[in-house]
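The values are calculated or read from the model by the stated rules, or taken from the named source; none is laboratory data. Computed from a predicted structure; not experimentally measured. A quick note on method: Cβ atoms are made from the backbone with ideal geometry, for glycine too, and the neighbour counts reach across all protein chains shown.
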Amino acid sequence: MSPRKPNAERAATAAERPAAKTGPKPAVSTRPRPTRRRAPDPAKHWASYLRRYRPGLVPYVLDALEARYGEQRWERRLDPVSELVLTILTQNTADVNAEKAFEALRAAYPSDRAPEEHHPGIGWGGEGLSTAPPPDWSLVEHAPLPELVDVIRPGGLAPQKAPRIQATLAKIREERGSYDLEFLADLPVLAARDWLTSIDGIGKKTASIVLAFCFGMPVMAVDRHVERVSKRIGLIPEKATADQAHDLFLELVEGERMYAAHVLLIHHGRAICRAQSPAHDICPVRDRCRMVNPKSR
Ligand code: SF4
């Protein structure tokens, strides 16, 4: 026979048992729990809208521009660090001025690396760089700031761009141990873009140019020409910011056509769909352009 429990313990146990057996059962709702709806991805939402209401618009535009301006084949133009610095030099200035500043960097801080040929293609607004080695990036990073400002002055906005270039080079060297961005080729596309945009002063546009032109990655660099032409046609919403437009294009354009789309839209913006007085009459996409026909599909 087991020993009896002390009175206090027996009382407590007895007090609990009836409540567990006969007390009111907790109410169990039979209604389905409400599921929290995720906000729709704006880029996916827009792509779906276009597919439904303006089917085939993206390939129509790209085919028409390609027929007018020719097939665009990707080829690397420069090494990634040179492309990045050249792109910083193009910010808020004409490509031809950026070329002058880059040539000045090469002359002031020469390196013994192999010469690079620059084949910029039709999307570029300059004349192309001469064939020459890239600058010595260590000399550029460690140059006295007033000296570097003087060197790149032909490119415009030199007091802003010189420290940006030095900070960019410093970040690459500190994180990678050298001035080398080839590792980006091994990253997923958006991780590579995130790495570049983590550098102060490097936005999605500059990062996308480096990734598209140096590695053939399917990202769209949305400059003022791409943004203007796309909004006029109705490829992207009128109210989309340039930042949003970068992600919209990732949903709209197939990866293998992204590079050509970028080059063709820029060139079309320079040649026909100019900011002032666009030449609608000779435009190859006018039949489906919302600017000339707001109801076009
Ligand atoms: S029709 Fe006019 S506005 Fe539309 S894409 Fe052509 S040039 Fe631009």
Taking the stretch 284-297 and keeping residues farther than 14 Å from Leu65 by Cα and within 9 Å of the ligand (Cβ to nearest atom) leaves Arg290, Met291, Val292, Asn293
The one condition Asp95 fails out of (1) farther than 30 Å from His268 by Cα; (2) surrounded by 15 or more Cβ atoms within 10 Å (Cβ to Cβ); (3) not aromatic (Phe, Trp, Tyr) is (1)
Picked from the stretch 184-239 (must be within 16 Å of the ligand (Cβ to nearest atom) and of a type in the set (D, E, K, R)), the residue surrounded by the fewest Cβ atoms within 10 Å (Cβ to Cβ) is Glu238
Within the stretch 262-283, of all residues that are near the ligand (Cβ under 10 Å from one of its atoms) and surrounded by 17 or more Cβ atoms within 10 Å (Cβ to Cβ), the one nearest to the chain's Cα centre (by Cα) is Leu265
Within the stretch 90-112, residues among the acidic types (Asp, Glu) and more than 24 Å from Ala221 (Cβ to Cβ) come out as Asp112
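Would you check if Ala101 is assigned by TED's automatic domain parsing to the domain that holds His262 and crowded, with 17+ Cβ neighbours inside 10 Å?
No; evaluated as a whole, the condition is false for this residue.
Quick check on the stretch 104-144: of everything there that is among the β-branched types (Val, Ile, Thr) and modelled with pLDDT of 95 or more, which residue is farthest from the chain's Cα centre (by Cα)?
Thr131
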Within the stretch 197-225, residues over 20 Å from Glu75 (Cβ atoms), outside any loop (DSSP other than H, G, I, E, B) and over 10 Å from the mean Cα position of the chain (by Cα) come out as Arg224, His225
